[in-house]
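K.L.:
Sharing a structure here in structure tokens format.
The values are calculated or read from the model by the stated rules, or taken from the named source; none is laboratory data. Nothing here was measured: the structure is a model prediction, and the numbers come from that model. Note that we place each Cβ from the backbone using ideal geometry, even for glycine, and neighbour counts take in every protein chain shown.
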């Protein structure tokens, strides 16, 4: 190489590294929080952060960001008592099964947090099965009849359909609650 070629190549490589690093940071910042390797621990009290997190496994799914964004809207709507916002995150049949007055009664004292998507699977019909865990607090009288406690740790499997993915109607046994 000539006397000027080596510094020119070094300068070009430096520029490419800086540009690549900036692009990677910008992409990561727009993609939401970094994936978690381990589930978040249950907070000593309260529900923890309302930010939807992805496991490393869930983050690898092609629909991960769409799922995270929709679930963030869903849990934000619950925490803010925003029926219209909640309705925009579920399929019409699910919304029709829970009219606004019933929804407001069901979620009147609910607060959700420590929300983590553990896994996203693609179903044969192009739908998604999303495994999510979260902590919920509510007045004891508003808790499920079979688990009358103030704080519940939930593990749910949510079917999601469409674009953006909406939470579909679930069958019995799709959620497992336990006191925490």
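Each row is one residue, and each column tells you yes or no for (1) in a strand (DSSP E or B); (2) within 23 Å of residue 49 (Cα to Cα); (3) without any contact (Cβ under 8 Å) to a residue 40 or more places away in the chain; (4) out of contact with any helix residue (DSSP H, G or I) (no Cβ under 7 Å at 6 or more places or on another chain).
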| site | (1), (2), (3), (4) |
| --- | --- |
| 113 | yes, yes, no, yes |
| 125 | no, no, yes, yes |
| 145 | no, no, yes, yes |
| 152 | yes, yes, yes, yes |
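K.L.:
If you go through the stretch 77-89 one residue at a time, do you hit one that is in contact (Cβ under 8 Å) with a residue 24 or more places away in the chain, part of a helix (DSSP H, G or I) and in contact with a strand residue (DSSP E or B) (Cβ under 7 Å, 6 or more places away or on another chain)?
P.N.:
There is at least one residue in the stretch 77-89 that is in contact (Cβ under 8 Å) with a residue 24 or more places away in the chain, part of a helix (DSSP H, G or I) and in contact with a strand residue (DSSP E or B) (Cβ under 7 Å, 6 or more places away or on another chain).
K.L.:
Let me confirm something: among 88, 84, 77, which residue is buried (at least 17 other Cβ atoms within 10 Å of the Cβ) and assigned by TED's automatic domain parsing to the domain that holds residue 130? Before you say what the answer is, go through the steps one by one.
P.N.:
Numbers: 88 fails: buried (at least 17 other Cβ atoms within 10 Å of the Cβ); 84 fails: buried (at least 17 other Cβ atoms within 10 Å of the Cβ).
The match here is 77.
K.L.:
Answer with yes or no whether residue 117 is closer than 17 Å to residue 66 by Cβ and not in a loop (DSSP other than H, G, I, E, B). Explain how you work it out, then say what you get.
P.N.:
Numbers: closer than 17 Å to residue 66 by Cβ: yes; not in a loop (DSSP other than H, G, I, E, B): yes.
For residue 117, the condition - closer than 17 Å to residue 66 by Cβ and not in a loop (DSSP other than H, G, I, E, B) - is met.
K.L.:
Restricting attention to the stretch 154-168, which residues are within 18 Å of residue 124 (Cβ to Cβ) and either out of contact with any helix residue (DSSP H, G or I) (no Cβ under 9 Å at 6 or more places or on another chain) or in a loop (DSSP other than H, G, I, E, B) (or both)?
P.N.:
In the first step, residues of the stretch 154-168 are kept if they are within 18 Å of residue 124 (Cβ to Cβ); the result is 157-163, 165, 168.
157, 159, 161, 162, 163, 165, 168, listed by residue number.
K.L.:
In the stretch 136-146, which residues are over 21 Å from residue 168 (Cα atoms) and in contact with a strand residue (DSSP E or B) (Cβ under 7 Å, 6 or more places away or on another chain)? Walk me through how you get there before you give the answer.
P.N.:
Initially, the stretch 136-146 is screened for residues over 21 Å from residue 168 (Cα atoms), giving 137-143, 145-146.
Result: 137, 143.
K.L.:
Can I ask one more? Kindly provide the set of residues from the stretch 42-61 that are free of Cβ contacts under 8 Å to residues at least 40 places away in the same chain and in contact with a strand residue (DSSP E or B) (Cβ under 8 Å, 6 or more places away or on another chain), ordered by number.
P.N.:
Within the stretch 42-61, the first condition is being free of Cβ contacts under 8 Å to residues at least 40 places away in the same chain, and the residues that meet it are 44-45, 56, 59-60.
Within the stretch 42-61, just 56 meets the criteria.
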